[in-house]
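Asker: Have a look at this one before I ask anything.
Values in this text are rule-based calculations from the coordinates and carry no lab data. Because the structure is predicted, anything quoted here is derived from the model rather than measured. When we count neighbours, we look across all protein chains shown, and the Cβ atoms used for this are built from the backbone with ideal geometry, even at glycine.
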Amino acid sequence: MKTNLNHDQIAMIIERARKERSLAVGRWIATAMHRLLDWMEKGKPGHPAKTAPKQTDTT
């Protein structure tokens, strides 16, 4: 298959695609971490969320 693109143009397209893929993976990882932290904070579904014990004022 012949193309009208030269080597530099093809290399530039590949570089741009790699950057876009890298950004997409980074967004996916950030979203997964955010969801995991939210899940850990709220507790497992069907179970009450764990909270810190209440502090009493002893003064």
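Asker: With θ taken as phi - 60° and the coefficients 6.51, -1.76 and 1.60, list the Karplus ³J(HN,Hα) couplings across the range 16-27 in order, rounded to whole Hz; mark glycine and proline as x.
Answerer: With coefficients 6.51, -1.76 and 1.60, one gets 5, 5, 5, 4, 4, 5, 4, 5, 5, 5, x, 5 Hz.
Asker: Quick check: net charge around residue 23, other residues with Cβ under 15 Å of its Cβ, Lys/Arg +1 and Asp/Glu -1?
Answerer: Numbers: positive: 16, 18, 19, 21, 27; negative: 15, 20.
Its environment carries a net charge of +3.
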